[in-house]
Every structure is written in structure tokens, then in C-alpha cells.
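This report concerns only the one structure given below.
Since every read-out is calculated from the coordinates, none of them should be taken as a lab result. If you're wondering where the values come from, they're calculated on a predicted model, not measured in any experiment. Positions of Cβ are backbone-derived with ideal geometry, glycine not excepted, and every protein chain shown enters the neighbour counts.
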Amino acid sequence: MPSSSTSSSLSSRIRLFHCREKLVKVTSWTAQNPGRRFYGCVNYWTGNGCNYFEWADEVICERGKEVIREQMEKIASLSVELAKSKSKEKAASVKAEKLKMKLNVVSVCLALSWVLIGLYILIIVAIVVSSNKGGKIVPELA
């Protein structure tokens with residue numbers, strides 16, 4: 001076994017010598033090879049490299065491929081559900097901020113109404129006092 005890995009790495013060096021770039025390890029997500037890793041020239045996708053390609057993993061059995069596809073579909077479904085939940089949370093947060101602003105406005109209005117009521121009472125008292133010309137307010141007995 002060591003000799004095959006040695007020859008493989010020697011073979012890789014020879015193939016990479018032409019473009020002088022490193023190998024990169026990439027994971028395939030195609031239907032035929034979901035989750036299967038491979039080595040390729042760093043320039044493999046640009047067409048400027050040496051086009052080196054070698055599988056790092058063994059072939060996946062059909063049941064394994066099916067399980068991986070099912071899990072990927074489940075992850076995609078959960079991702080959509082998560083995005084919807086985050087959207088709802090953001091909408092609720094915006095609504096809460098608007099309600100806080102309305103509460104602040106109502107609080108200010110309430111405080112102003114109490115100030116106005118207090119001023120109204122003071123004005124009434126001042127009018128009553130000035131109409132008695134500084135005298136005491138005594139209720140009339142019948």
C-alpha cells in the first residue's frame with residue numbers, strides 16, 4: 001500500500017510540474033458523487049492549469065448517495081424554514097419598535113394633559129381668590 005501512495009504522490013508532482021501550482025482538495029456535490037472529495041490543480045476550473053484530477057475518496061454506494069441527497073434536501077428545507085423564522089422575527093422587532101415609539105408619544109401626551117389639568121386648577125383657584133379679593137373662601141350655610 002505505501003508504494004501506491006508514493007507512486008500516486010510522485011505522479012501528482014510530475015503532473016503538477018507543468019503549471020507549478022498546488023493541489024486543492026474539493027468536495028463534489030453532483031448527483032453522481034455527493035460528498036466525494038477529489039484533488040485538482042488550483043487552476044482546474046479556469047482552464048489555465050494542468051487539468052490534474054484525482055479522486056481522494058472511494059466510490060459511494062447507491063444507498064449512501066440516496067441518504068446524502070435526503071439529508072441535503074432536509075438541510076435545504078430547514079434553511080428555508082430558518083430564513084422565514086428570521087424574517088418573522090425581524091418583522092416582529094420592527095413592530096415592537098414602532099409600538100415603543102407610540103407608547104412614548106402617548107406617555108408625553110398623558111404628562112402634558114396632567115400639566116394642563118394642573119394649570120387649569122391653578123387658574124380656577126386664582127380666579128376664585130381674586131374674586132373674593134384675598135378673602136377666605138367660606139361656604140354659605142343655608
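Pop a pseudo-label 7 angstrom from the Cα along the beta-carbon direction at both residue 107 and residue 57 and give the gap in nm to one decimal. Result for the modelled spin labels: 5.7 nm. Give the residue list of GluC sites (Glu not before Pro) in segment 18-96 that are DSSP loop and have at most 10 other beta-carbon atoms within 10 angstrom. Here the sparse-neighbourhood loop sites are 58. Take the Cα of residue 94, step 7 Å toward its Cβ, do the same at residue 66, and the gap between the two points is 4.5 nm. Were the residues from residue 114 through residue 86 laid out at 0.36 nm apart, the gain over their Cα-Cα distance would be 5.9 nm.
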